[in-house]
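These notes concern the structure reproduced below.
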Amino acid sequence: MQVLQVQIEVGPDPAEVGRARRWARSRMAGSGIAADEPLAETLVLLVSELVTNAVVHTGCPAVLRLLFGPGGGTVRVEVADRSTAPPLQRHADGGDTHGRGLELVDGLADRWGWQPEGAGKHIWCELDRGAPLFAPVVRESGACEAQRAVTNTA
């Protein structure tokens, strides 16, 4: 099974979020996801939320990765940053102007999570159009974590 992986570095400036959205749209189009598909708009929103969180909360560059499953299957969005602090899902009140990002991710994605990566972490989410790229694995402790079902990336 072949997985297409593309990535871009995003600077620590909130204006970079718009560039990340445009880049994601162009990569989706190149992978066969039509701009008018509901999946495309949802993916762009997920990219926007995860990149915004990384840029705003770390003040450091981040790396945005998109992974496209074969035949337009699952699409995975990953954002790696240099912070080891775990993401916090907040519950914003009606008048709050911040704090809804991970609530949106939780509501829109089929799955999401985070894990340490090098000197930082990466936060990921997936939307399914077919079979998942990553299968859940249950450890003896009963904890569930994601494991790559595929190791071959293009």
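The values are calculated or read from the model by the stated rules, or taken from the named source; none is laboratory data. What you see is a predicted model; the values in this text were computed from it and never measured. Glycine gets a Cβ as well: all are built from the backbone with ideal geometry, and neighbour counts include every protein chain shown.
Annotations for the structure displayed:
- Count of segment 106-150 residues, restricted to those that are at pLDDT 90 or above, of a type outside the set (Gly, Ala, Ser) and in a strand (DSSP E or B), is 12.
- Number of residues in segment 69-87 that are over 12 Å from the mean Cα position of the chain (by Cα), of a type in the set (A, V, I, L, M, F, W, C) and under 26 Å from Ala40 (Cβ atoms): the value is 0.
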